[in-house]
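Reviewing the structure listed below.
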Amino acid sequence: NAGVTQTPKFQVLKTGQSMTLQCAQDMNHEYMSWYRQDPGMGLRLIHYSVGAGITDQGEVPNGYNVSRSTTEDFPLRLLSAAPSQTSVYFCASSPYHGQGYQPQHFGDGTRLSIL
Amino acid sequence: AQSVTQLGSHVSVSEGALVLLRCNYSSSVPPYLFWYVQYPNQGLQLLLKYTSAATLVKGINGFEAEFKKSETSFHLTKPSAHMSDAAEYFCAVADAGNNRKLIWGLGTSLAVNP
């Protein structure tokens, strides 16, 4: 059971480039989300999804797009990379359990540097 | 608005000593409360959660936390620290009315000395 798989683990981009961070889970979880982690800022929610075809914005959605075409996959797209998007990105998933959605399983993260 | 405060960004204990990581929250409604652990270069793992059942919650790896409404606290404890407990610990609160979103504390780094 792989859990939550994120690719790539490391990436360096130039300002203005675009890229997609991949996230896949094999637990049939309804809820998936993307966070960024920055020193002194804690974790901040970027986008989340409660099921295939349903996405919504979190705290810091600007500059990022998501889609959820399948239950398993939840890619995060950077439209035009900026240095302020240098961060560690985490994908998380959880099942619905009658008490709402909170991230339960996290991937190992993607460390992204924008030059 | 909900908020979470973790007292002490760095805590250091000796192996075998009591671990106490402090978390205070503010919430206008009964909260759901969580503790997560992050080992170096890894993602977060859910340690335990409080969702209005028993006020003393037991989690993985020997950790437990007690919900104290009068003190608006949810402190994490472990009777005897192990070297493998060295990690970053995050407290989070979710409003029961909007529990799709967690409000995160800034984390406490736990060092365990031999």
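The values are calculated or read from the model by the stated rules, or taken from the named source; none is laboratory data. Here the structure is a predicted model, which means the values were calculated and not measured. Reconstructed Cβ throughout: ideal geometry from the backbone, glycine too, with neighbour counts over all protein chains shown. Side chains included, ligands, DNA and RNA excluded: accessible areas come from the protein's heavy atoms. Shrake-Rupley method; radii C 1.70, N 1.55, O 1.52, S 1.80 Å.
Quick rundown of the values:
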| read-out | value |
| --- | --- |
| Residue in segment A:46-62 that is within 11 Å of chain B (Cβ to nearest Cβ), touching a residue at least 40 places away in the same chain (Cβ under 8 Å) and buried (at least 19 other Cβ atoms within 10 Å of the Cβ) present | yes |
| Selection status of A:Ser33, surrounded by 13 or more Cβ atoms within 10 Å (Cβ to Cβ), closer than 30 Å to B:Ser9 by Cβ, within 13 Å of chain B (Cβ to nearest Cβ) and of a type outside the set (A, V, I, L, M) | yes |
| Elements of type strands (runs of 3 or more DSSP E) in segment B:44-114, at least 3 residues being of a type outside the set (Asp, Glu) and either within 11 Å of chain A (Cβ to nearest Cβ) or open to solvent by 70 Å² or more (accessible area, probe 1.4 Å) (or both) | B:44-50, B:87-95 |
| Residue among A:Gln25, A:Gln6 that is within 9 Å of chain B (Cβ to nearest Cβ) and modelled with pLDDT of 95 or more | A:Gln6 |
| Breaking point among (1) within 9 Å of another protein chain (Cβ to nearest Cβ); (2) open to solvent by 60 Å² or more (accessible area, probe 1.4 Å); (3) within 20 Å of B:Leu46 (Cβ to Cβ); (4) of a type in the set (Gly, Ala, Ser), for A:Gly40 | (3) |
| The one condition in (1) more than 11 Å from chain B (Cβ to nearest Cβ); (2) open to solvent by 50 Å² or more (accessible area, probe 1.4 Å); (3) in a strand (DSSP E or B) that A:Arg111 fails to fulfil | (1) |
| Residue count for segment A:86-107, restricted to those that are out of contact with any Asp or Glu (no Cβ under 7 Å at 6 or more places or on another chain) and buried (at least 19 other Cβ atoms within 10 Å of the Cβ) | 14 |
| Pick from segment A:69-83, criterion touching a Gly at 6+ places or on another chain (Cβ under 9 Å) and open to solvent by 80 Å² or more (accessible area, probe 1.4 Å), ranking: nearest to A:Gln6 (Cα to Cα) | A:Ser69 |
| Filter result for the condition that a residue is in contact (Cβ under 8 Å) with a residue 12 or more places away in the chain, under 13 Å from the mean Cα position of the chain (by Cα) and farther than 22 Å from B:His10 by Cβ, over B:Leu46, B:Leu110, B:Leu76 | B:Leu46 |
